[in-house]
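Enquirer: Let me begin by handing over the structure; questions about it come next.
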Amino acid sequence: MPHSVTPITQEPRQQTSPLTILFGRDLESHLFDTNRGSKPSKVEKRLRRRKRLMRRSLMRRARFKRHRTIKNRLTQKIKKSSRGVYLRRQKEIEGYTKVPAPVVMSFIENPEEVSEFAARIKLLFEKKKPVWIDLREVTKIDFDGISVLLAAAVRFKAKKVRFNGDMPRDQFACKMLFDSHFFDHLSKKRFKDQDSYSLALSSSILTHAKKRVDAKLGESIIKTTSKHIWGEERRCPGLQRVLVELMQNTNNHADLQEEGSKHWWLSVRHETEGPISRFSFIDYGVGIFVNLENKRNTNKFFGAIKKLKERFQHGENHEVLKLILNGELHRTASNSYFRGKGLPGIFQALSNGQISNLCIITNDAYFYSKENSFKRIRSEFSGTFISWEINKSNHSIP
């Protein structure tokens, strides 16, 4: 009868710790026997410390290996000639929060994406997070887009928060930024935190930032604009009205808690190709509708928005904006028709031919007079953006 053979089973191999290799199993079990109840000796403390250091070293090596693997996978997709540039850029943006700019950097043409872009920058500014603006994919940038970037750069640098970015790959967008001298201010290390700024982007582009109404600045802008358009100093009642109303409204309504605490940003571009001056006004407050909805019960506009929506059966802000421009908000709040101040006054200047191509963006409401368009935008802009133009066809007084 054949003998039965008992199969030999191998026990699973156990991992050997570094201390067992160095000092033996008996020593390790003796040193780390928690049931002994005695205090560890100096040798035991030394060995425990060595074990901790070895564990940390192994973890660091594992992290570095993972990092190198990911880095190699990324660089393998890039040409060898471009890897050095890619790695240098990655090192430059280290520590920044990367914010991609919209492909079309224009408030008028692309209000939703630019509003979302501005909202993200504002949130990072409030958190004091360094920001890297990725402009590489931008194919078009206009005057108001540059104004948004310049206001952000000054605000960050004034609070000593890092702000930097890339140049557009598109040659026309890149030329637009270079001609505006925006990068001269971007490369400036710091700005003082103050109530007013006057920045000359170029001989034809000027940007001013203030917290109060500045009548002298308004007079200076009117003189420069009239000389550019008509070749002589003229009175421009429409331009004067718009400037005063916007400065006053920002001073009084941009912040819910404190008047005069928010900057307004006014940029003026005198076109070199013809007698046209373009204006861009931005405040990063709360926006017109948020301000009106939070009026105190002692204010005459308390509850006026709700009454206006009920009276005209409108629920969307862009529909209410049309009523506000026509003076219906004041009529609802005070039972009297009035169009001399605020947004109705600005709209009246447009209707009288004193300004052209008015655009208003506030919260989720959008209006552009060139297209006679009132619409709702998906991404809410926390603040107010207003742009307009002055040309030879607009009314002036010699």
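Where a number appears in this text, it was derived from the coordinates with a stated rule and is not lab data. Please read these numbers as outputs of a predicted model, since none were measured by experiment. Here Cβ is always computed from backbone atoms with ideal geometry, including for glycine, and neighbour counts include all displayed protein chains.
Enquirer: Taking residue 262 as the anchor, which aspartates and glutamates have their alpha carbon closer than 13 Å to its alpha carbon, excluding any fewer than eight residues away along the same chain?
Expert: Once the sequence-local aspartates and glutamates are set aside, what remains near residue 262 is 193, 195, 283.
Enquirer: Related question: Among 239, 320, 360, which residue has its Cα furthest toward the positive end of the charge dipole of segment 195-398, with +1 on Lys/Arg Cβ and -1 on Asp/Glu Cβ?
Expert: It is 320, whose Cα lies furthest towards the positive end.
Enquirer: Less than 16 Å apart at the alpha-carbon level, and either on another chain or at least 8 residues along: which lysines does that give for residue 160?
Expert: Cα-Cα hits under 16 Å: 122, 127, 128, 129, 188, 189, 192.
Enquirer: If you average the sequence gap of Cα pairs under 8 Å that are 6 or more apart and divide by the length of segment 93-150, what percent do you get for the contact order?
Expert: Relative contact order comes out at 50 percent.
Enquirer: Where the only charges are on Cβ atoms (+1 Lys, Arg; -1 Asp, Glu), what is the dipole of segment 94-193 about its Cα centre, to the nearest 20 debye?
Expert: 860 debye
Enquirer: I'd like to know which of 106, 152, 95 lies farthest towards the positive end of the charge dipole of segment 94-193, counting +1 on Cβ of Lys and Arg and -1 on Cβ of Asp and Glu.
Expert: So the residue we want is 95.
Enquirer: Can you compute the charge dipole magnitude of segment 258-398 about its Cα centre, using +1 on each Lys and Arg Cβ and -1 on each Asp and Glu Cβ, nothing else charged? Give it in debye, rounded to the nearest 20.
Expert: 440 debye
Enquirer: Lysines near residue 322 by alpha-carbon distance under 24 Å, same-chain residues fewer than 8 away left out - which ones?
Expert: Result set, ordered by chain and number: 295, 300, 306, 307, 309, 341, 370, 375.
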